[in-house]
Amino acid sequence: MKNLMKLGILLLTLVFSSTATAQKFSGLDKSPMDQALYPDAHSKKEALVRITYSRPQLKGRSLTELAPMGQVWRTGANEADEIVFYKDAKFGDKDIKAGSYSLFTIPGPNEWTIILNSNLNQWGAYSYDEAADVIRTTAKVGKGSAKLEAFSIAYDGKGDDVNMVLGWGTTRVTVPISF
């Protein structure tokens, strides 16, 4: 009787454990969150700027479908990006105080308007509050040789002068930052 009971428990355990492992991860985020830190985490220097953003994929769509020209874009996916300056800086051609801001852009064919906004509780551009804009600056649009499927943000530079580069497809938007 004890052996039969042990066998029953073993069978139930196998049924439930195989069901749990057979589940699919269908809820995986299609626009995963990422972070760009300058200097990078491997540097022994203190962080100067960090941006947390989501990375949508092109998946056969055009950039202008996902980030329409002349319209405020959340610059990624999901909630508005958060950019943190750990020191006062010059962002584009504007001075910005150390602190946390949300980042929005207005894409254009030759230049993009880059917006730092004080309202951190915004879901994408749907709840964008222009009255909370702290600065607006412009950034030049260029072309990259490699096509990026996922929207990406990276830094290019050394020391106290760096470029924040927004890339998607072959589009590259460069914003100079100096500390």
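The values are calculated or read from the model by the stated rules, or taken from the named source; none is laboratory data. Quick caveat: nothing in here was measured; it's all calculated off a predicted structure. For neighbour counting, all protein chains shown are included, and Cβ atoms are generated from backbone atoms with ideal geometry for every residue, glycine included.
A few notes on this one:
- Filtered residue count, segment 63-95, keeping only those that are hydroxyl-bearing (Ser, Thr, Tyr), over 11 Å from Thr105 (Cβ atoms) and either under 13 Å from the mean Cα position of the chain (by Cα) or in a loop (DSSP other than H, G, I, E, B) (or both): 1
- One residue stands out among those in segment 44-59 that are over 21 Å from Lys90 (Cβ atoms) and surrounded by fewer than 16 Cβ atoms within 10 Å (Cβ to Cβ): the one that is modelled with the lowest pLDDT, which is Lys44.
- Segment 102-157, residues that are among the acidic types (Asp, Glu) and either out of contact with any Ser or Thr (no Cβ under 9 Å at 6 or more places or on another chain) or farther than 24 Å from Gly169 by Cβ (or both): Asp129, Glu130, Asp133, Glu149
- Ala89 being of a type in the set (Gly, Ala, Ser) and either surrounded by fewer than 14 Cβ atoms within 10 Å (Cβ to Cβ) or modelled with pLDDT under 95 (or both): no
- Counting the residues of segment 31-65 that are among the small types (Gly, Ala, Ser) and over 16 Å from Tyr155 (Cβ atoms) gives 4.
- The set of residues in segment 133-179 that are buried (at least 16 other Cβ atoms within 10 Å of the Cβ) and outside any strand (DSSP E or B) contains only Phe179.
- Contact map, segment 91-103: residues that are closer than 19 Å to Tyr53 by Cα and without any contact (Cβ under 8 Å) to a residue 60 or more places away in the chain paired with residues that are in a loop (DSSP other than H, G, I, E, B) and among the hydrophobic types (A, V, I, L, M, F, W, C), Cβ distance under 9 Å, separation 6+ or inter-chain. Pairs shown: Ser100/Leu120; Tyr101/Leu120; Ser102/Ala80; Ser102/Leu120; Leu103/Ala80.
- Single unsatisfied condition, Tyr128 versus (1) in contact with a Lys or Arg (Cβ under 6 Å, 6 or more places away or on another chain); (2) not in a strand (DSSP E or B): (1)
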